[in-house]
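The structure under discussion appears below in the form of structure tokens.
What follows draws every value from the coordinates through simple rules; no lab data is involved. Since this is a predicted model, take the numbers as computed values, not measurements.
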Amino acid sequence: AVFHVEFSLILTNGCSLSARSWTFIDVLLSIGLPVAMLCSRPTAKLSSFKPTGLLLGPRLLRSVGVAYALFFAVHMTAWALLWKQDFWQEWDGGRLGIGGHF
């Protein structure tokens with residue numbers, strides 16, 4: 001129950017997870033998922049979808065391109081929504097004495 005509360009906080013408020021929660025997620029992903037795959041039954045019919053042998057084939061480039069385009073669209077939408085908020089203030093890092101990362 002504690003993990004559920006912390007995870008919902010990070011999704012809604014941007015809070016940081018504790019080390020215990022990150023450990024739980026790591027254990028779930030590194031142990032739980034392989035165990036679930038080992039315990040699952042095989043399917044009766046295999047898919048006709050076959051993996052490609054091309055390193056830079058059209059299917060791989062298309063999947064990477066679509067993922068990048070979706071990330072870019074979501075990122076730009078998030079920035080646009082942030083800039084419309086009342087609390088957003090533009091600031092210059094050079095005037096504040098913050099290093100040359102800008």
(Q) Assuming 0.36 nm per residue, please report the length gained on full extension of the stretch Leu70 to Ile31 beyond their Cα-Cα distance. (A) 11.0 nm
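Shape call for segment 13-92 from the C-alpha gyration tensor, a ≥ b ≥ c root eigenvalues: rounded (a/c under 1.5), prolate (a/b greater than b/c) or oblate?
Oblate is the answer for segment 13-92, as a/c is 1.5 or above yet b/c matches or exceeds a/b.
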